[in-house]
Amino acid sequence: WVVGAEMADSVGADVINSSLGYTQFDGDWMDHTCADMNGYTNPSSRGANIAANKGIALSISAGNEGGTAWTCISSPSDALNALSIAATDSMGTYAPFSSGGTINGNYVKPNIASDGWNTWVGYDDGTLGYGSGTSFASPVNAGMMACLLQASPGITESGIRLAIERSASQYTHPDTLLGYGIPNYLNAINYAGIRV
């Protein structure tokens, strides 16, 4: 993940959408634990924080472990400076497969949620159909992050992240399933001070 982020930085990327999550490995000695998902321990999370500090906005799938023994978000979505994206259905209902997170003061994971349960998607073979996963939820937010950047080229990565969180439906009462909730990107534009 870090090598990919370095490549993205080298070619001038402003936004990274990532649907990759690290939890367990073939070599048990490398396995992560849910306790490791603290924002700064795992190599990919440290790399994500560095990428964000360089100004790259990060939208990362929370993971699809909600109904498994793992249950928690994966790395690098736990990174302090990344938006971890949970999945909902089109009505905003939490998707039970979406990985849960934690709230520890201002450290809220997942950060926000987006449509990723029975979502209309395009497949590799050119067909369309329904699919489910936080990998479908995260690109929705990444696209909006790109729009916010385009509307205000001088805005910082943290400015975008905080505006999106502040615009979300549960901003004043986040939980461990949807975080701050479902963003309202029109409100995020206003919170970011973008004039359209």
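Figures for the structure shown
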{"read-out": "Whichever residue in the range 160-186 is surrounded by 18 or more Cβ atoms within 10 Å (Cβ to Cβ) and small (Gly, Ala, Ser) and, among such residues, is nearest to residue 60 (Cα to Cα)", "value": "179"}
{"read-out": "In the range 117-144, the residues that are part of a loop (DSSP other than H, G, I, E, B) and either within 12 Å of the chain's Cα centre (by Cα) or among the aromatic types (Phe, Trp, Tyr) (or both)", "value": "117, 123"}
{"read-out": "Pairs where the first residue, in the range 171-192, is at pLDDT below 95 and the second is surrounded by fewer than 21 Cβ atoms within 10 Å (Cβ to Cβ) and in a loop (DSSP other than H, G, I, E, B), C-beta under 8 Å, 6+ apart", "value": "189/196; 192/152; 192/155"}
{"read-out": "Residue among 154, 193 that alone is at positive phi and either open to solvent by 60 Å² or more (accessible area, probe 1.4 Å) or part of a loop (DSSP other than H, G, I, E, B) (or both)", "value": "193"}
{"read-out": "Unmet criterion (only one of (1) under 19 Å from residue 57 (Cβ atoms); (2) in contact with a Pro (Cβ under 6 Å, 6 or more places away or on another chain)) for residue 101", "value": "(1)"}
{"read-out": "Inter-residue pairs, beta-carbon under 9 Å, first farther than 16 Å from residue 136 by Cα and in the range 52-74, second of a type in the set (Lys, Arg), 6+ apart", "value": "52/161; 57/161; 72/109"}
{"read-out": "Pairs, first at positive phi in the range 92-121, second acidic (Asp, Glu) and assigned to a loop (DSSP other than H, G, I, E, B), C-beta under 7 Å, six or more apart", "value": "118/89"}
{"read-out": "Segments classed as strands (runs of 3 or more DSSP E), wholly inside the range 50-112, with at least 1 members that are open to solvent by 30 Å² or more (accessible area, probe 1.4 Å) and not charged (D, E, K, R)", "value": "102-104, 107-109"}
{"read-out": "Residue 40, sole failed condition from (1) modelled with pLDDT under 95; (2) loosely packed, with under 14 Cβ neighbours inside 10 Å; (3) over 20 Å from residue 161 (Cα atoms)", "value": "(3)"}
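The values are calculated or read from the model by the stated rules, or taken from the named source; none is laboratory data. Just so we're clear, the structure is a prediction, and the values are computed from it rather than from any experiment. Don't worry about glycine lacking a Cβ; one is built from the backbone with ideal geometry, like all the others, and counts go over all protein chains shown. In case anyone asks, the SASA skips ligands and DNA or RNA and just uses the protein heavy atoms, side chains included. Shrake-Rupley method; radii C 1.70, N 1.55, O 1.52, S 1.80 Å.
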